[in-house]
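Below you'll find the structure, written out as structure tokens, and then a few comments.
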Amino acid sequence: MATNKLEGTKVSLTVGAVFDRAVAQAAALPVRLSSVTIPPKPDTANIMSGLDLLAQLEDGSAAAAFFDPQYRGVLDHLGYGNERSRQKARAALAPMDEATIGAFISDLERVLRPSGHLFLWLDKYHLVEGVLPWLAGTQFNKVDMITWDKGRVGMGCRSRRKSEHLLVLQKTPTRAKGIWLDHCIPDVWREVVGRDHAHTKPVELQRTLIAATTRSGDVVVDPAAGSYSVLKACRQVGGRRFYGADLVGPEIDQAAA
Ligand SMILES: C[S@@+](CC[C@H](N)C(=O)[O-])C[C@H]1O[C@@H](n2cnc3c(N)ncnc32)[C@H](O)[C@@H]1O
């Protein structure tokens, strides 16, 4: 018995030492928990950081991308005091700082193929302040802008918001011929959307833009997908492969609506 107890102690000390060494080695590795990546699945929701999603997509593999950052700017700027349930749901979403938005745009440029399009959603605040610093050093060129008339009046300290803006960026080489196939899209687009997410974007407009700028078999990316309106748009077009992610699942957004 005594020998067994002694052996037991010896074993547990050995295991403890191995464990301590493993912890020390792990602590010395330059690996963050958030960089432990799970391969993203196409045509579905991926609950992960959009930056981790993009890191796993190959250079030049996508024909089009949508990016709708979780801005804090306009909310901070307008200083809403009377937050109703939709504003509370919005405030609960993870905001992105300027450096994070820049990192997304830089990686979206890498993932897009030459002449691929990035559709960047802007609120009123960023439209006026400008977003050019985010594009510095990239091959993105400003080629168009579409204003979305939401058909529904929102919040505002002075005028009440009824629109958002979609900046159309194209990766070098910039050209429309043979790339942009639909020349009947108006630059003011009216579409009323459901309330399944605090920031859901118009599916029909995004469907029209996907059909105009991609072909069958092409990849479309949305690294901050929210309600997955771009996935819905891809499904309506058909034949496109979608890669999208969000830190939270779409069902959480539905519950908060
Ligand atoms: C403005 S909403 C997108 C709405 C979306 N375009 C739609 O139509 O529903 C921005 C989303 O970014 C998500 N988000 C914030 N930080 C993120 C990150 N690092 N990676 C992925 N998603 C992120 C938020 O959870 C939020 O759902």
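Looking at the structure I just gave you, is Trp189 among the aromatic types (Phe, Trp, Tyr), in a loop (DSSP other than H, G, I, E, B) and more than 19 Å from the chain's Cα centre (by Cα)? Against the criterion (among the aromatic types (Phe, Trp, Tyr), in a loop (DSSP other than H, G, I, E, B) and more than 19 Å from the chain's Cα centre (by Cα)), Trp189 does not qualify.
Look at the stretch 173-190: where a residue is free of Cβ contacts under 8 Å to residues at least 40 places away in the same chain and a partner is exposed (fewer than 10 other Cβ atoms within 10 Å of the Cβ) and part of a loop (DSSP other than H, G, I, E, B), sitting 6+ places away or on another chain with Cβ atoms under 9 Å, you get Ala176/His183.
Scanning the stretch 199-219 for residues that are crowded, with 22+ Cβ neighbours inside 10 Å and farther than 17 Å from Ile146 by Cβ returns a single hit, Val219. When residues in the stretch 192-231 are screened for being within 18 Å of the chain's Cα centre (by Cα) and either among the acidic types (Asp, Glu) or assigned to a loop (DSSP other than H, G, I, E, B) (or both), 14 of them pass. Applying the set (1) within 16 Å of the ligand (Cβ to nearest atom); (2) farther than 20 Å from Thr147 by Cα; (3) of a type in the set (Asp, Glu) to Asp222 leaves exactly one unmet item: (2). Assess whether Asp196 counts as being within 22 Å of Val230 (Cβ to Cβ), exposed (fewer than 14 other Cβ atoms within 10 Å of the Cβ) and acidic (Asp, Glu). It is false that Asp196 is within 22 Å of Val230 (Cβ to Cβ), exposed (fewer than 14 other Cβ atoms within 10 Å of the Cβ) and acidic (Asp, Glu).
Of Val168, Val248, all but one fail to be assigned by TED's automatic domain parsing to the domain that holds Leu118 and either touching a Pro at 6+ places or on another chain (Cβ under 6 Å) or assigned to a strand (DSSP E or B) (or both); the exception is Val168.
The values are calculated or read from the model by the stated rules, or taken from the named source; none is laboratory data. Treat the numbers as computed from the prediction; the structure is a model and nothing was measured. Every residue, glycine as well, gets a Cβ built from its backbone with ideal geometry; the counts of neighbours run over all protein chains shown.
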